[in-house]
Protein chains: 2
Amino acid sequence: MTALATPGLLALDRAAQDLLFRTARTANTFTDEPVTDAQVAAIHDLIRYGPTAYNGQPLRVLLLRSPAARARLLPHLSSGNRAKTAAAPLVAVLAADVDFHERLPELYPHRPQARDWLTDRATRVEQARFSATLQIGYLLVGVRAAGLAAGPMAGFDAEGVTREFFPDGRHETLLVMNVGHPGPDSWSARLPRLSTEDVLRTL
Amino acid sequence: MTALATPGLLALDRAAQDLLFRTARTANTFTDEPVTDAQVAAIHDLIRYGPTAYNGQPLRVLLLRSPAARARLLPHLSSGNRAKTAAAPLVAVLAADVDFHERLPELYPHRPQARDWLTDRATRVEQARFSATLQIGYLLVGVRAAGLAAGPMAGFDAEGVTREFFPDGRHETLLVMNVGHPGPDSWSARLPRLSTEDVLRTL
């Protein structure tokens, strides 16, 4: 199915489709233009409405702004990710709060007993990882909704980052993501995507 | 931070913000209006551009349309989710392809050796779950971009659904999601969301 075949089927207008998905790209270089705290708060204020299991909202976002904080992260990244992360206007460490259940009586008030369904830590880790990862999907869309580019990176030592930045033992690091305005040669040609036939099956 | 404080900070216009996040809601009842294969293909054609680790795109979507297929799912849902799922215009079973690495030479052609980094199944399961869950985040946004409502459900037996629908042993079921146009009394008042202060921290 090509993009040209679908214009009338989505309620979202074409410019917004492009901004969020079709022309948006993972950025590897950034301009010097800063990403402000107000922009980050506006992104969060938008994407916090995305659904999570039990409305648990386990995603926690650590923004690395100071050079000292940035320097603590770099050794935990794969070598190919260090220079671009050192130079990015903003770096976000995205983690799941494994003890998110403590707030369920407030967040899921019609079933406050949900907290007690999650007394087993392994179950909670799985739930926290799942819902926080969903939220990272929303966050990526939100970064783009702000007219910014995201640079999510798979290559890093998650346990090392967790030890460095979340010594409390209640967080699991899921992703490190650079954010900014794309700079020169920020990406190569788009990589191939699977077809509808590869992904969808009907019974 | 309230929504009123942020209007100028996002590039995405307010109507699109509302469609995707602010007024969009998890639906529990649906009208009889069908969700067509063309709509589903248009949603997939939009969200398939969302980023995944190694461009691996492990999400697989099984659409249950026939009454026989729907009947196979219902026993694996928690009792509170059965009636609404039986009545939904479309039910999607969302799973991760644990053997997604087989296609990396095609999907990540500049580093075809990436396939060989993923020979360990446990590593692959973790990667497949993570990227497919990100893609479910994009898919939820995509369903809303089509003017439809999603009804993701946490209450189901994932292993049972996997055994029933993916006996090949190469998939892990992550979520069951109803899709349609919201019906009467489709939701209650919106549940509370965490504040920016709860979620964001700066170093």
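The values are calculated or read from the model by the stated rules, or taken from the named source; none is laboratory data. Here the structure is a predicted model, which means the values were calculated and not measured. Note that each Cβ is placed from the backbone with ideal geometry, even for glycine, and that neighbours are counted across all protein chains shown.
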Only one of B:L59, B:L46, B:L73, B:L77 is modelled with pLDDT of 95 or more, crowded, with 21+ Cβ neighbours inside 10 Å and away from every other protein chain (no Cβ under 11 Å). Can you tell me which? B:L77
With the requirement that a residue be at pLDDT below 95 and at the interface with chain A (Cβ under 7 Å from one of its Cβ atoms), what does the stretch B:3-12 give you? B:A3, B:T6, B:L9
Identify the single condition in (1) of a type outside the set (F, W, Y); (2) surrounded by fewer than 18 Cβ atoms within 10 Å (Cβ to Cβ); (3) within 11 Å of another protein chain (Cβ to nearest Cβ); (4) within 25 Å of A:M177 (Cβ to Cβ) that B:A114 does not satisfy, given that it satisfies every other one. (2)
Mind listing whichever residues of the stretch B:143-170 are more than 9 Å from chain A (Cβ to nearest Cβ), part of a helix (DSSP H, G or I) and closer than 14 Å to B:V91 by Cβ? B:V143, B:V161, B:E164
Scanning for something acidic (D, E), within 30 Å of A:Q113 (Cα to Cα) and under 18 Å from the mean Cα position of the chain (by Cα), does the stretch A:38-45 turn up at least one residue? yes
Could you tell me whether any residue of the stretch B:84-102 is assigned to a helix (DSSP H, G or I), at the interface with chain A (Cβ under 7 Å from one of its Cβ atoms) and under 24 Å from A:S195 (Cβ atoms)? no
Has the stretch B:183-200 got any residue that is crowded, with 22+ Cβ neighbours inside 10 Å and more than 8 Å from chain A (Cβ to nearest Cβ)? no
Which numbered condition trips up A:T123, out of (1) exposed (fewer than 13 other Cβ atoms within 10 Å of the Cβ); (2) part of a strand (DSSP E or B)? (2)
Selected residue (only one of B:T173, B:T133 is among the polar types (S, T, N, Q), within 19 Å of the chain's Cα centre (by Cα) and facing chain A (nearest Cβ under 8 Å)): B:T133
Kindly establish whether A:L203 is in contact with a helix residue (DSSP H, G or I) (Cβ under 8 Å, 6 or more places away or on another chain), aliphatic (A, V, I, L, M) and either within 26 Å of B:V61 (Cα to Cα) or more than 8 Å from chain B (Cβ to nearest Cβ) (or both). yes
For A:R65, state whether it is free of Cβ contacts under 8 Å to residues at least 60 places away in the same chain, surrounded by 14 or more Cβ atoms within 10 Å (Cβ to Cβ) and in contact with a His (Cβ under 8 Å, 6 or more places away or on another chain). no
What number of residues within the stretch B:31-43 satisfy the criterion of being within 7 Å of another protein chain (Cβ to nearest Cβ) and surrounded by fewer than 22 Cβ atoms within 10 Å (Cβ to Cβ)? 3
Selection from the stretch B:157-195 of residues that are in contact with a Gly (Cβ under 7 Å, 6 or more places away or on another chain) and not aliphatic (A, V, I, L, M): B:N178
Selection status of A:V176, over 20 Å from A:K84 (Cβ atoms) and modelled with pLDDT of 95 or more: no
